[in-house]
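The values are calculated or read from the model by the stated rules, or taken from the named source; none is laboratory data. Just so it is clear, the structure is predicted and the values come from calculations on it, not from any experiment. Methodologically, a virtual Cβ is constructed for each residue, glycine included, from the backbone with ideal geometry; neighbour enumeration extends over all protein chains shown.
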Amino acid sequence: MTLRVLLDTHVYLWWLNDDANLSISARDCIADTDSIVHISAATVWEVSVKSAAGRLDLGETDVLGAIEANGFTELPITARHAAHAAWLPRHHGDPFDRLLIAQALVEGLTLVSSDRSFAAYDVPLLA
């Protein structure tokens, strides 16, 4: 069965760095060749902003190039995504996370995240 997923930013970075924090279920899903794994433009934006501000050390990680190198699908931000993010209840204040939630809802994707506050939204989750 094909699972269509959207990786939260921390999950994407954990995947790229083979981080032990990534759950076995998330790792298995991402590695499954039947899964369609999406990386949002919001994730690249968030990582770039935090890196430029000195709040995130990417080292040699090529966040943008790794999308294609891993066989992932880039998910652009649409006006519909932005509008949906604005309509979401304020359970979560982070604008990047709210955009990821909106994208998952609009596109019918399962969001892969360890952020427990996502459960307040009616979005399919894989922790």
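Side notes on the structure shown:
- Flag for Ala85 being part of a helix (DSSP H, G or I), free of Cβ contacts under 8 Å to residues at least 24 places away in the same chain, touching a Pro at 6+ places or on another chain (Cβ under 8 Å) and surrounded by 12 or more Cβ atoms within 10 Å (Cβ to Cβ): yes
- Filtered residues of the range 61-76 (kept if hydrophobic (A, V, I, L, M, F, W, C) and without any contact (Cβ under 8 Å) to a residue 12 or more places away in the chain): Ala69
- One residue stands out among those in the range 23-46 that are hydrophobic (A, V, I, L, M, F, W, C) and crowded, with 21+ Cβ neighbours inside 10 Å: the one that is nearest to the chain's Cα centre (by Cα), which is Ile39.
- Yes/no for Pro76 being surrounded by fewer than 18 Cβ atoms within 10 Å (Cβ to Cβ) and at pLDDT below 95: no
- Any hit, the range 100-108, residues being part of a loop (DSSP other than H, G, I, E, B) and out of contact with any helix residue (DSSP H, G or I) (no Cβ under 7 Å at 6 or more places or on another chain): yes
- Of the residues in the range 15-37, none is farther than 18 Å from Ala127 by Cα and of a type in the set (A, V, I, L, M).
- Pairs with Cβ under 8 Å, 6+ apart, first in the range 1-20 and in a strand (DSSP E or B) and crowded, with 21+ Cβ neighbours inside 10 Å, second modelled with pLDDT of 95 or more and charged (D, E, K, R): Leu6/Glu107
- With respect to (1) part of a helix (DSSP H, G or I); (2) surrounded by 15 or more Cβ atoms within 10 Å (Cβ to Cβ); (3) not hydroxyl-bearing (Ser, Thr, Tyr), the lone exception for Val49 is condition (2).
- Test: residue in the range 49-70 that is among the polar types (S, T, N, Q), within 15 Å of the chain's Cα centre (by Cα) and under 21 Å from Pro124 (Cβ atoms): no
- Filter result (in contact with a Ser or Thr (Cβ under 6 Å, 6 or more places away or on another chain), among the charged types (D, E, K, R) and farther than 22 Å from Arg98 by Cα) within the range 13-48: Asp34
- Residue in the range 52-71 that is surrounded by the most Cβ atoms within 10 Å (Cβ to Cβ), counting only those that are assigned to a helix (DSSP H, G or I) and at pLDDT 95 or above: Ile67
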